[in-house]
Amino acid sequence: MTEVQLDPETLRAIIARELTGARQRTALLTDSVEEADLVRQHSPLMSPLVWDLAHIANQEELWLLREVGGREPMHPEIDPLYDAFEHPRSERPTLPLLPPAEARAYGHEVRGRVLDLLDRAPFSGTRLLGDGFAFGMIAQHEVQHDETMLITHQIRAGAPVLAARAPDPAPADAFRLPSEVLVPGGPFTMGTSTEPWALDNERPAHTVQVAPFYLDTTPVTCGSYAQFIDDGGYDDPRWWIAAGWEHRQSAGLTAPLYWRSEGPQWTRRVFGRQEPIVPNEPVLHVSWYEADAYARWAGRRLPTEAEWEKAARFDPATGLTRRYPWGNADPDTSHANLGQAFLRPAPAGSYPAGAAPCGARQLIGDVWEWTSSDFSPYPGFEAWPYKEYSEVFFGPECKVMRGGSFAVSPVVSRGTFRNWDYPIRRQIFAGFRTARSAVAETALCAATWPTSGRPPRCARCSSTRRTACTGRPGRRAGSDTGR
Ligand SMILES: [Fe+2]
C-alpha cells in the first residue's frame, strides 16, 4: 500500500491482490494438516486451526458485508463462537465450532460476496470506505492470523508438513559490519497520519525527542545468545528484573523455547525437524524477560520503541521520516524476509538493500523485536474502528515489539506497525537487538567487535562484551547494574 492517492481501479487491484494472497496462505496452512490436526488444540495458548479459519471469515463478513455492504448476517448464531473477546483461546476447543468442511465453505462464500462488493465499492462516502481502509484492515487481519496459525504449526507435534527453502547465506560484508550503529539525537516524526491502512495505535504522527544512542546492527544471534547461556546467564539474578527472575524460576527457563542441549551442542525443533542451532541466525522464541536479561548481561539494554522507530525510519540527510528503513517503496524480496517465503530468519547481516540510513539491517522482517516500552497510546490517540483492537491492551502489562517477522506479510510490515504481548510469551516469532546510550562514547571498550564468532578482549578492562569500558582490568563490565 502506498501513501500516494490511488485511482479506484488501482486500489481495487491492490485490495484483490492482498485478499487473495492472504487466502492462499490460509489455505496452505490449513490444507497441509489432517482434519484431526485442524480441530485439535495444540497448546492452550493457541486456538484450534479450524477456529482461526472460521474466525477469519466471520470478521470479513462482519466488517465488509455487514458494516460496509449493509447486508444481513449470514449465520448470526455463530457470531459469539468466533468473537475473540467472548472466549479466550483456552476455551475455544470446547465450543461447538464449525467442522473443517463447513468452515471452509463459509469462508469461500463470504469471500465470493466480498469480491462482488469490491467490484462496485466507491472508496469514499464513509471513513471505513475511504482509501479502501476496511478492505485493508481485513487483509491485515487475515495475514496476522496466518502468522498465528504458523505459530500453531511450530507448536504442533508430529511429522513435518511444511517446507521452504533456506534463506540465502549472509552476504560477504556481513562479517565485517560494525556490531553497532550510531543513531543521532534530536527530534523525529513517530507514527503516521498519512499511511492509509495504518491501524489506530499507529496514529497520529507526532514529534518525539530521542537522545543519541547506539543500536546493534543486526538482531542478536543464536551464537551470541548461547554465550549468555554458557556464561550462566540463566542462573545469575543480577541480569534479571525481579518479575523476570521469579518467572525464570517458576517456569524453569534455561534456554529459548524449542532449544535442547545435546552434549556441547544446542539443537532446536523447527516445524517438526530437530536441527543444530545456526550460530549466525537471529535468535527466536525468547520472552521479553530473557531478552532484557541478555541485554543487561551484555552491559546494554533493550531499545525504547521510539529509539527503534527512529533507527528504522529517520533519515538524517533529509531530516524526514521514511515509511521503511530503505525508503518509501513497498517491501520486495530484496529488502526483507517477510511473508513466510522462508520458514526461518535469514542470517544476521542479510538484506543490505533493506538497511536503514543509520546502517542497521533487518529492522523489518526476520524476527519481531522486543522493545523496553509498554504498549501505550500516542498523544491524540483515537480508538477506531473498534476499542478492542488496541485500547483494551494499553498499559504496563504488554511490551511492544516492532519490525515484523519472517511470518508476516508485507501488508503489515510498515515502519509504524506496532505489535505487543505479555513479557512471558515465547511461542511468538520474537527476538531482539540491544542498545546503549551514546553519552559515554569515549568510555567504549577498546576493541572492534564482530557480529559473530568469539569476541576479543578489551585492552583496558579485558571484557569480552560490547559494553561501556570499566577501565579496570579483570572487572566485568556490566556488573554494576545492581542486579
Ligand atoms: Fe482475529
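The values are calculated or read from the model by the stated rules, or taken from the named source; none is laboratory data. Note that the coordinates shown come from a computational prediction; the quantities given were computed from them, not determined experimentally. Cβ atoms come from the backbone with ideal geometry, glycine included; neighbour counts cover every protein chain shown.
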Within 16 Å of the ligand (Cβ to nearest atom), of a type outside the set (Lys, Arg) and within 25 Å of the chain's Cα centre (by Cα): does that describe residue 140? yes
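Okay, residues lined up against (1) touching a helix residue (DSSP H, G or I) at 6+ places or on another chain (Cβ under 6 Å); (2) modelled with pLDDT of 95 or more; (3) within 30 Å of residue 269 (Cβ to Cβ); (4) of a type in the set (A, V, I, L, M, F, W, C):
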{"site": "64", "(1), (2), (3), (4)": "yes, yes, no, yes"}
{"site": "82", "(1), (2), (3), (4)": "yes, no, no, no"}
{"site": "92", "(1), (2), (3), (4)": "yes, no, yes, no"}
{"site": "96", "(1), (2), (3), (4)": "no, no, no, no"}
{"site": "100", "(1), (2), (3), (4)": "yes, yes, yes, no"}
{"site": "105", "(1), (2), (3), (4)": "no, yes, no, yes"}
{"site": "145", "(1), (2), (3), (4)": "yes, yes, yes, no"}
Listing of strands (runs of 3 or more DSSP E) fully contained in region 184-296 that carry 1 or more residues being aliphatic (A, V, I, L, M): 186-190, 206-210, 213-216, 265-270
Per the list (1) without any contact (Cβ under 8 Å) to a residue 60 or more places away in the chain; (2) closer than 24 Å to residue 429 by Cα; (3) surrounded by fewer than 16 Cβ atoms within 10 Å (Cβ to Cβ); (4) not small (Gly, Ala, Ser), residue check on residue 50 breaks on (3)
Of all residues making up region 106-137, the number that are out of contact with any Asp or Glu (no Cβ under 9 Å at 6 or more places or on another chain) and within 16 Å of the ligand (Cβ to nearest atom): 1
Mind counting the residues in region 349-389 that are at pLDDT below 95 and of a type in the set (Gly, Ala, Ser)? 0
In region 321-342, how many residues are surrounded by fewer than 21 Cβ atoms within 10 Å (Cβ to Cβ), aliphatic (A, V, I, L, M) and touching a residue at least 12 places away in the same chain (Cβ under 8 Å)? 1
Conditions (1) touching a residue at least 40 places away in the same chain (Cβ under 8 Å); (2) surrounded by fewer than 18 Cβ atoms within 10 Å (Cβ to Cβ); (3) touching a helix residue (DSSP H, G or I) at 6+ places or on another chain (Cβ under 8 Å): number failed by residue 197: (2)
Does any residue of region 364-374 turn out to be crowded, with 24+ Cβ neighbours inside 10 Å, of a type in the set (Val, Ile, Thr) and either in contact with a His (Cβ under 6 Å, 6 or more places away or on another chain) or not in a loop (DSSP other than H, G, I, E, B) (or both)? yes
Can you tell me which residue in region 91-105 is farthest from residue 196 (Cα to Cα), limited to those that are assigned to a helix (DSSP H, G or I) and within 16 Å of the ligand (Cβ to nearest atom)? 91
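Yes or no, residue by residue, for (1) surrounded by 21 or more Cβ atoms within 10 Å (Cβ to Cβ); (2) free of Cβ contacts under 8 Å to residues at least 12 places away in the same chain; (3) at positive phi; (4) not small (Gly, Ala, Ser):
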position: 132; (1), (2), (3), (4): yes, no, yes, no
position: 144; (1), (2), (3), (4): no, no, no, yes
position: 157; (1), (2), (3), (4): no, no, no, no
position: 161; (1), (2), (3), (4): no, no, no, yes
position: 165; (1), (2), (3), (4): no, no, no, yes
position: 172; (1), (2), (3), (4): no, yes, no, no
position: 177; (1), (2), (3), (4): yes, no, no, yes
Working only within region 44-90, note down all residues that are among the hydrophobic types (A, V, I, L, M, F, W, C) and outside any helix (DSSP H, G or I). 45, 46, 74, 84, 85
Which residue out of 47, 32, 43 is hydroxyl-bearing (Ser, Thr, Tyr) and either in contact with a Cys (Cβ under 8 Å, 6 or more places away or on another chain) or within 16 Å of the ligand (Cβ to nearest atom) (or both)? 47
Within region 230-261, residues being among the aliphatic types (A, V, I, L, M) and surrounded by fewer than 18 Cβ atoms within 10 Å (Cβ to Cβ) number 4
Residues of region 306-359 being basic (Lys, Arg) and touching a strand residue (DSSP E or B) at 6+ places or on another chain (Cβ under 7 Å), which ones? 310, 313, 322, 344
Odd one out for residue 86, checked against (1) surrounded by 15 or more Cβ atoms within 10 Å (Cβ to Cβ); (2) over 24 Å from the mean Cα position of the chain (by Cα); (3) within 13 Å of the ligand (Cβ to nearest atom): (1)
